[in-house]
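Presented below is the structure to which this report refers.
The values are calculated or read from the model by the stated rules, or taken from the named source; none is laboratory data. The structure presented is a predicted model; accordingly, all values stated were derived computationally and were not measured. Note that we place each Cβ from the backbone using ideal geometry, even for glycine, and neighbour counts take in every protein chain shown. Ligands, DNA and RNA are excluded from the accessible area calculation, which covers all protein heavy atoms including side chains. Shrake-Rupley method; radii C 1.70, N 1.55, O 1.52, S 1.80 Å.
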Amino acid sequence: MLRRGMKGRSMWVFFAYTIDITDKMSVYYATIRNNIILAGIVFVLLELLFYVSWKLASRKLYRIIEEQTIEISEAKEYAEKASKAKSLFLANMSHEIRTPMNAITGFNQLMLGTELTDKQKDYVNKSQSAAYHLLGIINEILDFF
């Protein structure tokens, strides 16, 4: 901004400083100072722009994280309910399958304690062997799950 100074000479006013135009070095330094101040202002504006964009991005990330946290907790609840249902089913099936198999092996033991023909003993022994084998398979399957 140009204005009249003392004794009619033109003066440049830079921010809060008044410099006599006749002093060319002063004008040069004032220009450099103004450029530095302008660069500082640009830097501050860029920093502000970065901060605002970072804030917006972080808000978006927080929303995404919040949504994913809700989805994960819903999936966890679903998995826990499914696990509980599976455990209940297996407990019931374990009882429903193992109890009759134990009864079969028990009756086979009782039959082997009676007087049987050789052919009947062979049948009971095969039945007993098959029952133990089947009970072992059932135990492995139910214990695996």
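Hey, among Arg98, Arg33, Arg63, which residue is in contact with a strand residue (DSSP E or B) (Cβ under 8 Å, 6 or more places away or on another chain) and in a helix (DSSP H, G or I)?
Every option except Arg33 fails the conditions.
Count, please, the residues in the stretch 83-123 that happen to be closer than 28 Å to Asp143 by Cα and in contact with a Leu (Cβ under 8 Å, 6 or more places away or on another chain).
Selection size over the stretch 83-123: 8.
Considering each of Phe107, Phe89 in turn, give the residue that is assigned to a helix (DSSP H, G or I) and surrounded by fewer than 12 Cβ atoms within 10 Å (Cβ to Cβ).
Exactly one residue qualifies, and that residue is Phe89.
Residue by residue through the stretch 114-145, note down the ones that are in contact (Cβ under 8 Å) with a residue 12 or more places away in the chain and assigned to a helix (DSSP H, G or I).
Matches in the stretch 114-145: Val124, Asn125, Ser127, Gln128, Ala131, Tyr132, Leu134, Leu135, Ile138, Asn139, Leu142.
Checking the structure you have, find out if any residue of the stretch 5-23 is surrounded by 10 or more Cβ atoms within 10 Å (Cβ to Cβ), at pLDDT 85 or above and out of contact with any helix residue (DSSP H, G or I) (no Cβ under 9 Å at 6 or more places or on another chain).
Within the stretch 5-23 (the criterion being surrounded by 10 or more Cβ atoms within 10 Å (Cβ to Cβ), at pLDDT 85 or above and out of contact with any helix residue (DSSP H, G or I) (no Cβ under 9 Å at 6 or more places or on another chain)), the answer is no, since none of the residues qualifies.
Under 7 Å by Cβ, and 6 or more places apart or on different chains, what pairs join a residue from the stretch 82-109 that is in contact (Cβ under 8 Å) with a residue 12 or more places away in the chain with one that is open to solvent by 50 Å² or more (accessible area, probe 1.4 Å) and assigned to a helix (DSSP H, G or I)?
Met101/Leu134; Thr105/Tyr132
Residues that are of a type in the set (D, E, K, R), more than 30 Å from Asp143 (Cβ to Cβ), surrounded by 10 or more Cβ atoms within 10 Å (Cβ to Cβ) and modelled with pLDDT of 65 or more: does the stretch 31-43 have at least one?
Scanning the stretch 31-43 turns up at least one residue that is of a type in the set (D, E, K, R), more than 30 Å from Asp143 (Cβ to Cβ), surrounded by 10 or more Cβ atoms within 10 Å (Cβ to Cβ) and modelled with pLDDT of 65 or more.
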